[in-house]
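Just below is one structure, and these are the notes that go with it.
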Amino acid sequence: MKFTTEERWKLIDRIARETIEYGGEETTTKSILAELTVKPATGIPFAVAILYGFWSFFGSFAGFFTDGFFVRIFDEYWLPWLQGVFPYEGSWLYYILVGDPEATNSFEAFGMLTSGLFVAIGIVLPAIIAFYFIITLLEDSGYMPRLAVLVDTFLHKIGLHGFAVVPMILSLGCNVPGVESTRTLETKKQRFMMMILLSIFIPCGAQIGVMLSLIPEYTGYIMLYLMVGFFVFGFILNRVIPGKSPEIITDVPPFRAPEPQNVQRKMMTKIKGFFADAIPFVLLGVGLVNVLYLGGVIDWLSDLFAPVFTTWFGVPKETVIPLISGFLRKDLAVAQLSAIDMTGFQLITSVVLISIYFPCIATFSMIVKEGRKSGGVLRVLGGSLLVLGVVVFLWGGLLHLLGMLLGVA
Amino acid sequence: MKILLMGHPNVGKSAVFNRLTGANITESNYPGTTVDYTVGYTIIGGQEYEIIDVPGTFSTEPKDEAEQVALDILADNEDATVISVLDATKVERGLYLSLEIIEEGFPVVIALNMWDDAEKRNIHIDLERLRKVLGVPVVPTVAISGKGISELAGQVPRAERVDLKELKRRIESL
Amino acid sequence: MKDKLIRLAIFTLGLIVISVGLMELLLSLTGETLVVGGVIVFSGSFMLWRGLVLGSAGVFMVFALRIQNPVEVKAQVLLASIMISIVGGMEVLDLILSSIPGEGSRWISTAGEFVGAYGGPYQPAVFLLPLSLILVVAMNRNMADHGGETSHEQGR
């Protein structure tokens with residue numbers, strides 16, 4: 001025997017009436033404050049304040065470790081020491097592991113043990129710690145669902161609802177958990193859209209960290225262009241892709257003070273997981289690019305793609321190299337780009353290209369894994385690649401066009 | 001012996017799990033973090049139990065993948081005891097799922113989590129009456145601070161299947 | 001009486017915060033740096049954002065006075081002061097973090113450098129931070145939740 005839905009609700013009503021008594025909630029400063037954070041007039045400026053705090057903390061914290069200590073450790077001690085003791089100067093092994101013997105900073109040496117280690121530990125690690133700290137605070141204080149309610153209206157325009165902000169924000173740390181969390185969305189359409197928009201338009205924390213430390217003056221423009229792209233293509237995809245985008249109704253939990261122990265435990269798990277993935281990928285990336293370079297593959301690819309790059313996107317043909325390493329690590333690719341001689345606008349364009357052209361391999365494998373549950377790997381991958389191709393050409397080309405119109409390209 | 005932890009998203013289920021097992025897993029309060037289910041072990045009264053943190057679900061009619069996973073786990077563990085975790089400030093909503101699980105024939109223990117929030121909001125719940133009418137143990141908990149968790153664990157061996165006809169009769173004669 | 005004083009304080013601080021916000025917005029558009037009296041400096045990246053945050057925080061404070069229910073006034077002033085504290089707090093954090101690493105070959109800055117780093121001039125939010133915190137504390141102590149009477153009872 002089982003009850004029908006109606007019967008069940010009737011029974012529950014009865015139980016509740018007899019056993020639960022609602023004393024009526026007092027309006028307290030706290031409960032009104034909580035309301036103010038979701039009302040647009042007060043909530044949006046407050047969200048801006050939170051985001052400002054986020055970036056500001058990110059900048060100070062990462063700057064403290066990267067510029068204050070790591071740059072010096074790597075440039076003044078590690079690099080000269082390694083260049084001094086490493087044998088076989090001029091051999092291919094030296095080239096792959098240490099890189100340029102004349103380099104005076106760990107950034108331009110471009111060996112696995114020089115630039116590779118520096119990017120992974122010196123730049124990415126502080127950025128990721130800062131990021132996860134803030135995210136954990138936002139989650140545990142209960143602010144995240146409020147942000148979701150606040151942005152609900154905007155996201156409706158592109159067929160998503162407020163809670164899609166969770167994968168978006170997670171992606172700002174790393175696209176992999178971002179893509180993974182799309183499974184909380186309701187329909188295949190929403191999951192597919194979010195997965196592809198995330199992996200194309202949202203740069204990860206590692207990449208943002210590198211951008212902020214190398215090209216802080218352009219980071220704002222790059223982010224803006226990517227965010228506009230997110231909404232423009234979200235709007236288009238919502239029209240093009242068949243399927244439904246249902247609304248969900250969820251409660252906003254009350255604000256709570258985050259528990260220090262919980263924050264610490266969550267951060268440790270996230271950082272550990274991230275780091276186990278990051279270091280090998282960065283090192284392998286540098287190694288692979290060096291091998292390809294030695295084998296002449298990169299020069300060949302540069303020549304092959306040179307016409308597209310110089311005419312359509314208006315960037316130097318050397319940009320091909322970072323694009324290749326971008327498949328392994330986007331942060332690394334941005335680092336490589338900044339070493340290439342080009343104008344400011346070309347740098348902006350090429351960083352945008354790095355962000356949108358193809359997800360990094362870790363994100364890519366997660367898309368394959370999640371794709372299985374969201375309408376089949378082939379459909380998801382095929383769809384993604386199609387969208388990707390269109391986006392790269394249109395959005396990258398459009399930026400070049402904008403530059404020409406403004407007279408800076 | 002197995003224990004399944006079930007409840008809506010955002011009722012602090014993962015926190016209850018953490019408290020019961022002491023395992024190092026992460027707990028979040030935005031929807032969906034518990035999509036991958038987690039398993040831990042604990043000993044209650046000398047007996048070892050395997051505890052599964054089942055993904056949050058609203059009812060036994062699945063609306064998305066996470067809910068489907070939840071149902072699959074339920075179906076795979078017919079001999080398990082279920083700890084049904086409710087948000088003490090929204091008992092009615094949570095009871096729907098508890099009732100469904102009771103109907104499936106599982107012995108159930110109900111945890112009224114976030115009891116401190118209910119107190120703050122002046123919500124008074126007659127625990128004794130609730131226990132009697134449902135015929136299952138009902139334990140108030142505050143998983144974040146660990147309050148009520150050992151009592152919750154202690155009630156697990158006492159949970160029994162509920163006769164539905166009797167249940168209906170009891171409720172209607174309230 | 002106390003209520004009136006607190007309201008006056010909210011209004012005054014609100015106006016100050018608005019003017020700081022407007023100043024930052026203006027300067028971020030012209031790209032200039034401004035030093036006032038040798039102790040306050042308007043400069044740095046993200047100034048546009050600071051201006052937006054402070055400007056709206058100030059507006060929230062001033063407009064809070066038009067609300068009837070005292071609890072709502074308190075909540076809105078609290079919201080504004082959280083926003084001010086975020087901006088000010090981040091400035092202080094940046095000040096502390098950048099005072100630690102040393103110059104040249106020294107890892108940690110010397111006592112002199114360390115103290116020197118705190119010599120100012122400071123961003124305006126550094127001054128607004130303690131002011132807004134004092135205001136909130138004073139407000140919670142002296143402003144009644146309901147009606148005009150002052151009550152020290154919180155909750156039940």
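Quick one: which residue in C:132, C:98 is crowded, with 22+ Cβ neighbours inside 10 Å and either within 22 Å of the chain's Cα centre (by Cα) or modelled with pLDDT of 85 or more (or both)?
Matching residue, one of C:132, C:98: C:132.
Taking residue B:95, is it closer than 24 Å to residue A:5 by Cβ, aliphatic (A, V, I, L, M) and in contact (Cβ under 8 Å) with a residue 60 or more places away in the chain? Break it down stepwise before answering.
Working: closer than 24 Å to residue A:5 by Cβ: yes; aliphatic (A, V, I, L, M): yes; in contact (Cβ under 8 Å) with a residue 60 or more places away in the chain: no.
So residue B:95 does not fit the description; no.
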Which of the residues spanning the stretch C:48-80 are more than 11 Å from every other protein chain (Cβ to nearest Cβ) and either crowded, with 23+ Cβ neighbours inside 10 Å or in contact with a Ser or Thr (Cβ under 9 Å, 6 or more places away or on another chain) (or both)? C:61
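Listed here are the residues, each with its yes/no results for (1) modelled with pLDDT of 85 or more; (2) within 12 Å of chain C (Cβ to nearest Cβ).
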| residue | (1), (2) |
| --- | --- |
| A:56 | yes, yes |
| A:59 | no, yes |
| A:63 | no, yes |
| A:105 | no, no |
| A:111 | no, no |
| A:115 | no, no |
| A:119 | no, no |
| A:123 | no, no |
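The rows are residues; the columns are (1) surrounded by fewer than 16 Cβ atoms within 10 Å (Cβ to Cβ); (2) modelled with pLDDT under 80.
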| residue | (1), (2) |
| --- | --- |
| A:251 | yes, yes |
| A:254 | yes, yes |
| A:260 | yes, no |
| A:263 | no, no |
| A:266 | no, no |
| A:282 | no, yes |
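Which one of B:100, B:67, B:48, B:78 is at pLDDT 80 or above and within 21 Å of residue A:11 (Cβ to Cβ)? Reasoning before the result, please.
On the way: B:67 fails: within 21 Å of residue A:11 (Cβ to Cβ); B:48 fails: within 21 Å of residue A:11 (Cβ to Cβ); B:78 fails: within 21 Å of residue A:11 (Cβ to Cβ).
Selected residue: B:100, the only one of B:100, B:67, B:48, B:78 that is at pLDDT 80 or above and within 21 Å of residue A:11 (Cβ to Cβ).
Quick check on the stretch A:91-100. Is at least one of its residues in a loop (DSSP other than H, G, I, E, B), farther than 30 Å from residue A:53 by Cβ and of a type in the set (Val, Ile, Thr)?
Yes, the stretch A:91-100 contains at least one residue that is in a loop (DSSP other than H, G, I, E, B), farther than 30 Å from residue A:53 by Cβ and of a type in the set (Val, Ile, Thr).
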Counting only residues in the stretch C:139-156 that are of a type in the set (Gly, Ala, Ser) and within 19 Å of residue A:32 (Cβ to Cβ), the one modelled with the highest pLDDT is identified as C:144
Restricting the stretch C:81-94 to residues that are more than 9 Å from every other protein chain (Cβ to nearest Cβ) and crowded, with 24+ Cβ neighbours inside 10 Å, the residue that is nearest to residue A:38 (Cα to Cα): C:81
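For residue C:24, state whether it is in contact with a Gly (Cβ under 7 Å, 6 or more places away or on another chain) and of a type in the set (D, E, K, R). Even if it seems obvious, please write down each step before you answer.
Details: in contact with a Gly (Cβ under 7 Å, 6 or more places away or on another chain): yes; of a type in the set (D, E, K, R): yes.
Answer is yes for this residue.
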Could you please tell me which pairs satisfy a Cβ distance under 7 Å, a separation of 6+ or placement on different chains, a first residue in the stretch B:122-141 that is more than 19 Å from residue A:8 (Cα to Cα), and a second residue that is among the acidic types (Asp, Glu) and surrounded by fewer than 20 Cβ atoms within 10 Å (Cβ to Cβ)? B:122/A:25; B:124/A:21; B:139/B:151
Just one of (1) surrounded by fewer than 20 Cβ atoms within 10 Å (Cβ to Cβ); (2) assigned to a helix (DSSP H, G or I); (3) within 14 Å of chain B (Cβ to nearest Cβ) trips up residue A:11, so point out which. (1)
Of the residues in the stretch A:292-341, those that are closer than 26 Å to residue A:173 by Cβ, outside any helix (DSSP H, G or I) and touching a residue at least 60 places away in the same chain (Cβ under 8 Å) come to A:329
So in the stretch A:377-394, with the set limited to residues that are farther than 15 Å from residue A:198 by Cα and hydrophobic (A, V, I, L, M, F, W, C), which one is farthest from the chain's Cα centre (by Cα)? A:378
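Would you confirm whether any residue within the stretch A:38-45 is assigned to a loop (DSSP other than H, G, I, E, B) and not charged (D, E, K, R)?
Yes.
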Could you grab me the full set of residues in the stretch C:103-122 that are within 14 Å of another protein chain (Cβ to nearest Cβ) and closer than 24 Å to residue C:37 by Cα? C:113, C:114, C:117
Having 3 or more residues that are surrounded by fewer than 22 Cβ atoms within 10 Å (Cβ to Cβ) and within 14 Å of chain A (Cβ to nearest Cβ) is the bar; report the strands (runs of 3 or more DSSP E) wholly within the stretch B:75-157 that clear it. B:123-125
Residues (within 14 Å of another protein chain (Cβ to nearest Cβ) and of a type in the set (A, V, I, L, M)) located in the stretch B:158-171: B:162, B:164, B:167, B:171
Return a yes/no flag: does the stretch B:23-44 have any residue that is closer than 20 Å to residue B:150 by Cβ, among the charged types (D, E, K, R) and at pLDDT 85 or above. no
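Which residues, counting only those in the stretch A:144-180, are among the aromatic types (Phe, Trp, Tyr) and surrounded by fewer than 23 Cβ atoms within 10 Å (Cβ to Cβ)?
Hit for the stretch A:144-180 is A:154, nothing else.
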Breaking point among (1) more than 14 Å from chain A (Cβ to nearest Cβ); (2) modelled with pLDDT of 85 or more, for residue B:58: (1)
Selection within the stretch A:356-395 - assigned to a helix (DSSP H, G or I) and of a type in the set (Phe, Trp, Tyr): A:357, A:364, A:393, A:395
Is one or more of the residues making up the stretch A:14-23 more than 14 Å from chain B (Cβ to nearest Cβ) and buried (at least 16 other Cβ atoms within 10 Å of the Cβ)? no
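Among the listed residues A:86, A:57, which satisfies the condition of being in contact (Cβ under 8 Å) with a residue 40 or more places away in the chain and of a type in the set (Phe, Trp, Tyr)? If you could, list the steps in order and put the result at the bottom.
Working: A:86 fails: in contact (Cβ under 8 Å) with a residue 40 or more places away in the chain.
The match here is A:57.
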When you go through A:187, A:114, A:136 one by one, which is the residue that is touching a residue at least 60 places away in the same chain (Cβ under 8 Å) and of a type in the set (S, T, N, Q)? A:136
Can you work out which of the residues in the stretch A:143-193 that are of a type in the set (Lys, Arg) and assigned to a helix (DSSP H, G or I) is farthest from residue A:380 (Cα to Cα)? A:146
Just for the stretch A:32-54: of the residues that are aromatic (Phe, Trp, Tyr) and within 7 Å of chain C (Cβ to nearest Cβ), which one is farthest from residue C:50 (Cα to Cα)? A:46
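The values are calculated or read from the model by the stated rules, or taken from the named source; none is laboratory data. No experiment lies behind these values; they were computed from the predicted model shown. Positions of Cβ are backbone-derived with ideal geometry, glycine not excepted, and every protein chain shown enters the neighbour counts.
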